[in-house]
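Here's the structure we're looking at; comments come further down.
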Amino acid sequence: MFKKKATMGEVNGVSYLNGEISLKGVSLNVHSYLIDGALIDTGAHSLHKFFEPFLDEADYDQVLLTHYHEDHTGCAAYVQKTKNVPIYLNESSIASCTRRADYPLYRQLFWGRRRPFQAQPVSERFQSRTATWDAIDTPGHAYDHKAFLNRETGQLFTGDLFVSARTKLALADESIPEIIQSLERVLSYDFREVFCSHAGYLEDGRKALERKRDYLLSVQSEVLSLHKEGYSAEEIRRKLFPRSFPIVKFSRGEWDSIHIVTSILRDNGSLI
């Protein structure tokens with residue numbers, strides 16, 4: 001029923017596996033990255049036949065998870081079972097990852113059921129074999145989201161902070177204002193290349209993140225202006241995001257453009 005595939009590669013010292021899964025017009029993908037003995041994210045359990053050989057063959061002595069979502073942590077339990085290496089995660093989501101994951105059926109169908117695993121709190125600054133790293137708080141997509149910056153190479157691993165420059169859909173619990181703040185935070189650091197968990201390698205990563213920040217600031221301004229004119233959240237959504245996407249119906253509204261609008265209004269105190 002699902003079509004699955006994966007590609008492996010290497011760019012500027014970073015090895016990766018990109019797993020893809022699609023069904024009825026909805027296609028999703030996720031990367032796992034490896035550099036200097038540090039594995040960043042473990043991929044999805046539904047794609048374990050691709051990620052497990054990658055995880056078996058890769059040379060690493062620690063795992064860094066950008067956030068708790070199942071497409072990033074789906075094979076963490078496999079790593080824990082087969083490798084004697086520490087797994088690091090934002091402390092705020094460690095306890096939830098020791099329990100059976102609870103998320104909607106469509107996400108279980110796409111990404112599989114993430115099995116429980118044990119993790120340790122990631123430090124704000126940590127070491128790989130030859131480099132010093134910063135773990136940067138970047139909430140908005142998820143409350144526990146982190147980006148990882150290799151100070152020696154100037155390579156920034158952004159998890160789901162970027163994904164695309166022009167966001168058209170958001171999860172019900174995402175916060176656009178928080179994402180804007182997180183983009184501003186990472187842009188205060190010195191980096192060049194960006195490795196996104198979904199968009200992949202972005203050679204001019206700083207400009208890509210700046211484009212996303214500027215776009216979201218523009219959307220935020222339009223939403224607030226239209227609301228001030230008396231438009232409802234749904235009317236604003238229809239004006240700014242008229243296109244319909246298959247995943248809206250497939251996810252039963254967990255993914256929808258309306259969440260972009262409501263998160264902005266809620267942050268501004270205009271939606272209770």
Next on the checklist: Under 5 Å between amide hydrogens, which residues at least 5 positions from S257 or on another chain qualify, with H placed 1.01 Å from N in the peptide plane?
Outcome noted: A170
Checklist entry - Ratio of Rg to Rh for the range 3-206, alpha carbon only, Kirkwood? => result 0.92
Checklist entry - Where in the range 77-119 is the amide nitrogen less than 11 Å from a point lying 7 Å along the Cα-to-Cβ axis of K4? => result 110-113
Item to check | Gain in span if fully extended, D190 to E210, counting 0.36 nm per residue against the direct Cα distance | outcome: 5.9 nm
Next on the checklist: Defining a contact as two alpha carbons under 8 Å apart and six or more residues distant in sequence, what relative contact order in percent does the range 3-206 show?
Outcome noted: 15
Checklist entry - Which entries in K49/K146; K81/K212; K4/K212; K5/K168 show an alpha-carbon gap greater than 32 Å? => result K81/K212
Checklist outcome for this item: F54 neighbourhood, Cβ < 13 Å, K/R = +1, D/E = -1, net charge -4
Item to check | Residue with peak Gaussian network fluctuation, the chain [Cα springs, cutoff 10 Å], from G154, G13, G37 | outcome: G13
Checklist entry - If you stretched the chain out fully between K228 and V163, how much longer would it get, using 0.36 nm times the residue separation minus the C-alpha to C-alpha distance? => result 20.4 nm
Item to check | Sequence ranges 226-237, 189-200, ranked by mean other-Cβ count within 10 angstrom, highest first | outcome: 189-200, 226-237
Next on the checklist: Can you give me the distance in nm between label points at K249 and N268, each placed 7 Å from the Cα along the Cα-to-Cβ direction?
Outcome noted: 3.1
Next on the checklist: In whole Å, what are the extents of the range 1-55 along the principal axes defined by its C-alpha atoms, from largest to smallest?
Outcome noted: 38, 19, 14
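Just so you know, all these numbers are worked out from the coordinates, no wet-lab data involved. Not measured: the values here are computed from a predicted model. Quick reminder, even Gly has a Cβ in these numbers, built from the backbone with ideal geometry, and neighbours come from all protein chains shown.
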